[in-house]
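What follows is a short report on a single structure.
The values are calculated or read from the model by the stated rules, or taken from the named source; none is laboratory data. Values in this document were obtained by computation on a predicted structure and should not be read as measured data. Neighbour counts run over all protein chains shown; Cβ positions are idealised from the backbone, glycine included.
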Amino acid sequence: MYKILFVIPGLKTGGTNSSLSALYSNIKKQYDITVFTLSNQRNAEYNFDEVVRYSPFIISAFHVNAIEEKWYKCLAVLVLKTIRTIIRRLLGYDILDYLYKRMTHIIEKKYTYDFVVAFEESYPTKFVLYFKNANKIAWIHCNYNKYCPLGVSEEDIYSQYKNIICVSEYTSRLFVSRYPRLNAKVSSIYNLIDTESILVKSRKPIDDDRFEIGKRSVIISAGRIDPVKRFSSILKIAKELIDRGLCFQWYILGPIAVRDEYNRLEANIEKYSVDNYVHYLGNKINPYSYFVNSDLYVCTSESEACPMVFNEAMILNTPVVTTNFGSASEFIHNNKNGFVCDIDGLAKKIFWVLTNDEIYQGLQKELAESHSFNARVLNNINKLFS
């Protein structure tokens, strides 16, 4: 049985850790898996908690938000980060590199791994670089045309990896366009879905009395409150749906990542007078009982690398209408499992789907017959770890 070490920044709520959770569920019987987290802060529970090892505080301090720590740890974090900044400016040396080298040396003296995976961009990618006795794999979850995690060219870093995995064909193309010399190392593997867990969780009762079903069409959107998700645009779309005569409730789930975007969302609810139609319910540990009781999942995002939430919704036979960002058409096929359109056309498409019984029932029939996604992805993963 191959031994695999996955390195992540920390245990925060987010798509990357959710994808690792699903991956772990699907392959834990085939491989001996360990997860190493650079931060010892815990903001969420995952099914791989049993195999997590935490970095010591001296490393974790550089990967946490100081204000989320107790006062004495907050002070220590600020001191360490200040020392790092001073040394970098005066000597041009990053003490974090030294700490990474020491930590990877300690790990390799104690454990032997067949594969070491940097499961997120930025610091995990630098950390894994210092391992000597393992096949190194980098996993890319972002749009590299919009986001360069370390703020510098990373071609030299990624050139030292055996494989570079991108979570969609679109993400692969963007990465290769930035670093064409690395083309031979790059391949695409979609995020897996923990189907069994999603189905079990979807049967649990809804824990929020504000969520109403049965009286109107129910639209659901989920994700962190961040400008890239464009949730503040939902209010204008909702106003257009009201003007078209649609009877609906639209619920938004997710943590607040950017306070200004949340403020725009709240301001637009008042601006468009849609407070009886659009409701922000906050972050939900179990969104699946909401998904299964919704008629339509709507995505307003400007960009997504591999939107796991699409497959999660579709497993529960909830059709998807989404904006036409780069990888959307890899997952959503018009008249099959949903529709892709420009953001200006969302209201028209939502209205058409929810008021056309023949179209809607056709989408649900297609969804019920197309749950072979994981088998195809697992085949690619087993090839990678062989």
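The residues of segment 247-263 that are in a loop (DSSP other than H, G, I, E, B) and either without any contact (Cβ under 8 Å) to a residue 24 or more places away in the chain or surrounded by fewer than 19 Cβ atoms within 10 Å (Cβ to Cβ) (or both), listed by number, are C247, P255, A257, V258.
One residue stands out among those in segment 308-330 that are under 15 Å from the mean Cα position of the chain (by Cα) and under 12 Å from Y170 (Cα atoms): the one that is surrounded by the most Cβ atoms within 10 Å (Cβ to Cβ), which is S327. Considering only segment 204-221, I want to know if a residue exists there that is in contact (Cβ under 8 Å) with a residue 60 or more places away in the chain, touching a Cys at 6+ places or on another chain (Cβ under 9 Å) and within 27 Å of E120 (Cβ to Cβ). So far as segment 204-221 goes, yes, one or more of its residues are in contact (Cβ under 8 Å) with a residue 60 or more places away in the chain, touching a Cys at 6+ places or on another chain (Cβ under 9 Å) and within 27 Å of E120 (Cβ to Cβ). Checking each residue in segment 194-227 for being assigned to a helix (DSSP H, G or I), more than 28 Å from C247 (Cβ to Cβ) and out of contact with any Asp or Glu (no Cβ under 7 Å at 6 or more places or on another chain) picks out T195, E196, S197, L199, V200, K201. Test I269 against the criterion of being part of a strand (DSSP E or B) and free of Cβ contacts under 8 Å to residues at least 40 places away in the same chain, and give yes or no. Criteria not met by I269.
Rundown of residues vs (1) under 25 Å from G15 (Cβ atoms); (2) surrounded by 22 or more Cβ atoms within 10 Å (Cβ to Cβ), yes/no style:
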position	(1), (2)
I95	no, no
D114	no, no
T125	yes, yes
V128	yes, yes
Q160	no, no
F175	yes, yes
Y179	yes, no
K185	yes, no
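The numbered conditions (1) in contact with a helix residue (DSSP H, G or I) (Cβ under 9 Å, 6 or more places away or on another chain); (2) in a loop (DSSP other than H, G, I, E, B) are all true for L363 except (2).
If you go through segment 59-102 and pick out every residue that is in a helix (DSSP H, G or I), modelled with pLDDT under 85 and acidic (D, E), you end up with 1.
Conditions (1) in a helix (DSSP H, G or I); (2) in the same structural domain as N26 (by TED's automatic domain parsing); (3) in contact (Cβ under 8 Å) with a residue 60 or more places away in the chain; (4) surrounded by fewer than 21 Cβ atoms within 10 Å (Cβ to Cβ), marked per residue:
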| residue | (1), (2), (3), (4) |
| --- | --- |
| Y280 | no, no, no, yes |
| N286 | no, no, yes, yes |
| E302 | no, no, yes, yes |
| K336 | no, no, no, yes |
| L346 | yes, no, yes, no |
| K383 | yes, no, no, yes |
